[in-house]
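Input: a single structure, listed below in structure tokens.
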Amino acid sequence: MNSSDILLSQLADNPPRISVEEAIILYEDADLGDLMYVASARRAAIIPGNEVTYLVDRNINYTNACTINCQFCSFYRPPDHPEAYTQSFDEISLRVSELEDIGGSRILMQGGVNPDLPLSWYTELVSRLNEKHPKIHLDCFSPIEIEGIAEICGISTREVLRRLKDSGMHGLPGGGAEMLVDNVRNNISPKKGSSSNWIKVMREAQDLDLITSATNVIGFGESSADRVLHMELIRYAQDEAIMTGSLGFTSFISWPVQLQNNVFGSRNKGENRKKLGASSSEYLRHVAISRLFFDNITHIQASWPTMGMEIAQLALSAGADDAGSTMMEENVVSASGTNKTKATERELQRIILRSGYTPRKRDSEYNLLDTEIIDDRMIHSQPPLQ
């Protein structure tokens, strides 16, 4: 089957599931315009109406002390480094208060694997935040952080998650997935847990009814097949979650690796920085294929921090139905080279309106919230690609 036949099949009312082999063909042969058209049609079939969602939230990077030493990370510092930090409970709470002041609903709090922080530090932090900021969803940490806490404390990752949930944690974001193909993973972050470990911890979180998302970083020099295999592992895990009655992953978010200021970009006498990463067209292709491939994950999110607002706007015509979040601050990806680390609600509404959609604020469970259009002069914009 050629790429045109595969895309034509996806325009059916009840399209067949795309195989790994077919997805690879779309990567390598499909016309990008045709691919975006079909992905946009699929998005319209799955999510009727003309709304694109966004989230008002804040990223909090509570510590940069880490022992994992990912080759593409410019944020971490060894625990004994003079620039290593861990924010106090009061500092973190102040950041949450600043989110409340602008009507936000969620914090995404992640950091490094810090060997100096016991589980009791995490549970006390989450408990205090939950008590002081009861209306804010606390989506915290990542699978590798949970593995690190479990190792330090000598208990299972499931027990760590249970205690954090009992303290008030709302969700486990899907950070640290990068590329769930172990030969790629071993090249970019040899100390990080395996692909199967990432899936295991996320499934444990889902079993505990924590809100989860799936992520993907591209541009490490992996093949098209590697990218599809990453998605296949997530799709299979989602099938399992749904069969057990779990919500599973709420969304899939992908972005290209940033290589300006890290060890991985400096490899091969700096040639990695010149030759790797992913172009705008590669990213849009990845978004469109993810929309068609994930017949069991409803929401596909555009990424503005790495791609910029203009490409994120185009992603809304490539199958994405969510414009991401305000973030307020971001210290991990930005340390590797991206310049924009926060967005206003008005900026997110602007790219949605300019794509021909209606902005709709949401929470981290994708419940729709009352939304005020901040600048209605932008409403009369070009319609989305159809």
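Derivation of every value follows stated rules applied to the coordinates shown; laboratory data play no part. Only a predicted model underlies this, so the values are computations on that prediction, with no experimental measurement involved. Neighbour counts are summed over all protein chains in view; Cβ atoms, including those assigned to glycine, are modelled from backbone coordinates with ideal geometry.
Structure data summary
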{"read-out": "Charge dipole (debye, nearest 20) of the chain; +1 at Cβ of Lys and Arg, -1 at Cβ of Asp and Glu", "value": "580 debye"}
{"read-out": "Highest-fluctuation residue, GLY221, GLY324, GLY277 considered, GNM on the chain with Cα pairs under 10 Å", "value": "GLY221"}
{"read-out": "Proxy reagent accessibility, fewest Cβ within 10 Å first, across SER142, SER196", "value": "SER196, SER142"}
{"read-out": "The chain: angle of helix 119-132 to the longest principal axis, Cα-based, in degrees nearest 10", "value": "70 degrees"}
{"read-out": "Exposure proxy ranking, count of Cβ atoms within 10 Å, fewest first, for ARG128, ARG227, ARG95, ARG285", "value": "ARG128, ARG95, ARG285, ARG227"}
{"read-out": "Simple label model, 7 Å out from Cα along Cβ direction - GLU372 to SER223, nm", "value": "5.4 nm"}
{"read-out": "Cβ-isolated cysteines (cut-off 4.7 Å), the chain", "value": "CYS66, CYS140, CYS153"}
{"read-out": "Nearest 10 degrees, 0 to 90: helix 157-167 Cα axis against the chain principal axis", "value": "80 degrees"}
{"read-out": "Residues VAL184, VAL217, VAL113 arranged by fewest to most Cβ contacts within 10 Å", "value": "VAL184, VAL217, VAL113"}
{"read-out": "The chain: angle of helix 20-29 to the longest principal axis, Cα-based, in degrees nearest 10", "value": "70 degrees"}
{"read-out": "Fluctuation leader among THR212, THR123, THR326 - the chain, Gaussian network, Cα springs under 10 angstrom", "value": "THR123"}
{"read-out": "Pair ASN183, SER127: separation of 7 Å Cα→Cβ label points (nm)", "value": "4.8 nm"}
{"read-out": "The range 8-112, relative contact order [Cα under 8 Å, separation at least 6], %", "value": "30 percent"}
{"read-out": "Given charges at Cβ of Lys, Arg, Asp, Glu: the range 163-237 dipole, positive-most of SER189, LEU208, ILE218", "value": "SER189"}
{"read-out": "24 Å Cα cut-off, lysine pairs counted over the chain (separation 8 or more, or different chains)", "value": "14"}
{"read-out": "Within a Gaussian network of the chain (alpha carbon springs, distance under 10 Å), most fluctuating of ALA288, ALA65, ALA302", "value": "ALA65"}
